[in-house]
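Inspection log for the structure reproduced underneath, given as structure tokens.
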Amino acid sequence: MPNQIKPLYFDYNATTPVLEPVFKAMAPYLKEHYGNPGSDHAWGLAAARAVAKGRQSLADLVGCTSDELYYTSCATESINIVLQGVMASGGHLVTTAIEHPATLQTTKALEGRGVTVSLAPVDDQGLVSLDAIKAACTPETKLISVMLANNEVGTIEPVAEIAAWARSQGILMHSDAAQAVAKIPVDVKELGVDFMTIAGHKIYAPKGIGALYVRPGVELAPLTYGGGQERGLRPGTENVPYIAALGAAADMALADLDVEAARQRDLGTRLLKGIDGLGRPYLLHAADAPRLPTTMSIGFGGLLVGDILSGLVGEDVGVSAGAACHGDHAEPSHVLKAMSVPQDFAQGTVRISWGRPTTVDDVDDFVRRLGRVLSAL
């Protein structure tokens, strides 16, 4: 039989595996402690304790109190609760040109309901400036929404600086931190935001669980109504197993955040050195910006991303595209367009992201396989 090569997963920004400590924390609530947290018996009380414990663990990770966190199904839902809740009565909203579709598509829907939306531009590193945000605001601005870290190129945005100015103007501030939490230190008090969204499946919890931070004293209209769970902001029976998993993922991150971030940054340095050694023209997007330690967006000059991805699939490697292929050309993502990345490099862009299970050997093997693919092109 031919030798089986190890599959190499380098798409952690898309989703992460559920790691063993997280699965172990979740499993009892699927089979043994299956009660409804709202029930006043042993089964229900066990479930309620899991909900409370998970909430406290997540609060410890992001620097708030447990009663400032609300469980949701995902970051997309959290974003919708904030944007639609704040803008329910109309007004002006400011965001950036490189936000996740969960934000940009919600703002499009709000525009259809009479909300005015302004997109602040970013520079060629994917950074939005406070001046750009100020220029986009008007006396009617109710809400500013700026992601903490970009999901495609990894740029870390100056959210604390923007939030401080927004607070001085009486404008609410939201940050989508789905890609930042558990990868870099994130403290809602230091950021000064009014709202922050979190995604479980980006930090080794299952898909289907998320959270929303709401600063005390801020009023937010719910999107749904029901039994009053999550203090009425997001009613519905709590997803106890996934909440337990999210809490365990938060505990895992808090235990070694700085050490693991440094390790993953070293992996990125090694990866880039390896790519540089392949001798193919490339562009590292946002090379001069503060970036996540787990993310690299690389544009290969003169190539189409579809051809690169097809080759990597044949090598049993998983990455993401930075452009959508259409026949003999590729359409760069809205992020690369906003950064004014040259077309020749934009259409050959792949996003490479790694995580806790990734090893030095994985990085070296990835570079070898990528080299074979590029040579064939």
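Laid out as a table, the results:
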quantity	calculated
Extreme residue, most open to solvent (accessible area, probe 1.4 Å), among residues of region 325-340 that are modelled with pLDDT of 95 or more and hydrophobic (A, V, I, L, M, F, W, C)	Ala338
Within region 273-297, considering residues that are of a type in the set (Val, Ile, Thr) and surrounded by 24 or more Cβ atoms within 10 Å (Cβ to Cβ), the one farthest from Val181 (Cα to Cα)	Thr295
Qualifying residue in region 251-267 (condition: among the hydrophobic types (A, V, I, L, M, F, W, C), surrounded by 20 or more Cβ atoms within 10 Å (Cβ to Cβ) and touching a strand residue (DSSP E or B) at 6+ places or on another chain (Cβ under 6 Å))	no
Tyr71 vs. criteria of a type in the set (Phe, Trp, Tyr), closer than 28 Å to Thr107 by Cα and either at pLDDT 95 or above or within 19 Å of the chain's Cα centre (by Cα) (or both)	yes
Residue selected from region 1-56 under the condition without any contact (Cβ under 8 Å) to a residue 12 or more places away in the chain and in a loop (DSSP other than H, G, I, E, B), by the criterion surrounded by the most Cβ atoms within 10 Å (Cβ to Cβ)	Ser39
Given (1) within 30 Å of Met252 (Cβ to Cβ); (2) touching a strand residue (DSSP E or B) at 6+ places or on another chain (Cβ under 6 Å); (3) among the polar types (S, T, N, Q), index of the condition Thr358 fails	(2)
Matching residues, region 95-131, being in a helix (DSSP H, G or I) and open to solvent by less than 20 Å² (accessible area, probe 1.4 Å)	Ala102, Thr103, Thr106, Thr107, Leu110
Filtered residue count, region 170-202, keeping only those that are open to solvent by 10 Å² or more (accessible area, probe 1.4 Å) and closer than 20 Å to Leu30 by Cβ	1
Long-range neighbours under 8 Å by Cβ, at least six apart or interchain, first residue farther than 25 Å from Ser73 by Cβ within region 90-111, second assigned to a helix (DSSP H, G or I) and of a type in the set (Gly, Ala, Ser)	Val94/Ala136; Ala97/Ala338
Any hit, region 313-324, residues being surrounded by fewer than 23 Cβ atoms within 10 Å (Cβ to Cβ), aliphatic (A, V, I, L, M) and at pLDDT below 95	yes
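For every residue, the table says whether it meets (1) assigned to a helix (DSSP H, G or I); (2) open to solvent by less than 10 Å² (accessible area, probe 1.4 Å); (3) of a type outside the set (D, E, K, R); (4) modelled with pLDDT of 95 or more.
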{"site": "Ala164", "(1), (2), (3), (4)": "yes, no, yes, yes"}
{"site": "Tyr204", "(1), (2), (3), (4)": "no, no, yes, yes"}
{"site": "Ala221", "(1), (2), (3), (4)": "no, no, yes, no"}
{"site": "Arg234", "(1), (2), (3), (4)": "no, no, no, yes"}
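The values are calculated or read from the model by the stated rules, or taken from the named source; none is laboratory data. What you are looking at is a predicted structure, and each value in this text was computed from that prediction instead of being measured. Positions of Cβ are generated from backbone atoms using ideal geometry, with glycine treated the same way; all protein chains shown enter the neighbour counts. SASA here: full protein model, heavy atoms, side chains in, ligands and nucleic acids out. Shrake-Rupley method; radii C 1.70, N 1.55, O 1.52, S 1.80 Å.
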